[in-house]
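*Asks:* Let me give you the structure first, and then I'll get to my questions.
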Amino acid sequence: MYNGFAIVAGLVIFFAMLTAPFALGTMTKQYKEPELKLPKNEKECIESTEFMRTEHMQLLNEWRDWALRDGKRTYINHKGKEFTISLQNTCMKCHASKADFCDKCHNDAGVSPYCWDCHVQPEGLK
Amino acid sequence: MKNSRRTFIKLAGIAAAGLAVAPKKALASEGHAPVKPNSTAIHAEHWAMVIDTTKLHTAEAIDKLAGVCHHIHNVPHIEGKQEVKWLWHDTYAHTFPEQENPHLAEEVHERVFPLLCNHCENPPCVRVCPTKATFQRPDGIVAMDYHRCIGCRYCMAGCPYGSRSFNWGEPRLGLDLEKLNPEFPTRMRGVVEKCNFCVERLAVGKEPACVEASEGAMHFGDLKDPDSEVRKVLREKFTIRRKPSAGTEPSVYYII
């Protein structure tokens, strides 16, 4: 093989760089979900925690259309309990802190939903 | 069993038939959306408003109602051409340009008139909106879905009454953030906004805020119900609507 040393060395460096993120990742800390501040008085959300964790964006989209476009402002959850459809007046009355509840995960996941361009957060606006 | 072309095609046919049926079954099991209207909501076939301008015709009185409306809906206060307004007042000539005559009773001519979105039966703004952000509800209210508004302002061009305002800048800069109504959202920059006939109040069984604050100078009710308050007033008093030639059939009537 011509230039064997250079080729092998190059390949070694190439694979080292390719796998570096994985190697560094296993050496450093494990990813931890951010700890959310849950409401003090309420134990149960409108749906199960798993559902809310994965589906709250779809649910909010549906809520938006139901309330605004269909004029249906009462939501009946899987257990038959009724809730008023409102981000500001239902969700954020329990989760009284946007910074502690919404932002922690959203910052962690690198998403910035534009809900708060219009909706008023429970802390009020500065 | 030996795999022949014939058996493969048979199996493929069965699989295709199964695929055609399965999604429908999956959909059918989900059922209807788990929502319903609020139990306290008030309903009508077609909401309408009658404004008694013999009782309500001063700028101060109308501005007071506008203040109530603008406060509960977090409407920003901006001076000049970029103003945002849901409820405002104007002169006779501007309110009823087609119904003016040179010998009109002076008293009527000098009044100022409360103006708001007319919630037309045939709303041009809905027709021209390319995203369906402006839409007409089954109860006649012309509503806005600010989530969908792309700020093209076709609705402003379409509205013959100038009932819509565009948020040229950040609307929150025009609000007193200490006195915000935390129950109602604000708007963002680049959307059109307008009076919503207080749909959020109707949903909890309350009349529109201006009607409530008007001390009897405004009437609100179902236009399609012959026994409703608005129909009673319309039967007894002479009323006119704005710009009849535009053919939009406003749901806001003025007692002169």
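The values are calculated or read from the model by the stated rules, or taken from the named source; none is laboratory data. These figures come from a predicted structure and were not determined experimentally. Please note: Cβ atoms are built from the backbone with ideal geometry, for glycine as well, and neighbour counts cover all protein chains shown. These accessible areas exclude ligands, DNA and RNA; they are computed on the full protein's heavy atoms, side chains included. Shrake-Rupley method; radii C 1.70, N 1.55, O 1.52, S 1.80 Å.
*Asks:* Being closer than 20 Å to B:Pro37 by Cα, of a type in the set (D, E, K, R) and in contact (Cβ under 8 Å) with a residue 12 or more places away in the chain narrows it down to one residue among A:Lys37, A:Lys72; which is it?
*Replies:* Step by step, each of A:Lys37, A:Lys72 is checked, and only A:Lys72 is closer than 20 Å to B:Pro37 by Cα, of a type in the set (D, E, K, R) and in contact (Cβ under 8 Å) with a residue 12 or more places away in the chain.
*Asks:* Oh, and also: I'm checking my understanding of the structure. Among residues of the range B:57-80 that are β-branched (Val, Ile, Thr) and in a helix (DSSP H, G or I), which one is surrounded by the most Cβ atoms within 10 Å (Cβ to Cβ)?
*Replies:* Among those residues, the one meeting the criterion is B:Ile62.
*Asks:* Could you list all residues from the range B:142-156 that are part of a loop (DSSP other than H, G, I, E, B), open to solvent by less than 30 Å² (accessible area, probe 1.4 Å) and within 12 Å of chain A (Cβ to nearest Cβ)?
*Replies:* The answer is B:Asp145, B:Cys149.
*Asks:* Please go through the range A:68-126 and pick out each residue that is exposed (fewer than 13 other Cβ atoms within 10 Å of the Cβ) and under 19 Å from the mean Cα position of the chain (by Cα).
*Replies:* A:Ala99, A:Asn107, A:Asp108, A:Ala109, A:Gly110, A:Val111, A:Ser112, A:Pro113, A:Tyr114
*Asks:* I'd like to know if the range B:174-185 contains one or more residues that are at the interface with chain A (Cβ under 9 Å from one of its Cβ atoms), surrounded by fewer than 21 Cβ atoms within 10 Å (Cβ to Cβ) and not in a loop (DSSP other than H, G, I, E, B).
*Replies:* Yes.
*Asks:* Here is a follow-up. Only strands (runs of 3 or more DSSP E) wholly contained in the range B:81-141 count here; list those with 2 or more residues that are crowded, with 19+ Cβ neighbours inside 10 Å.
*Replies:* B:87-91, B:112-116
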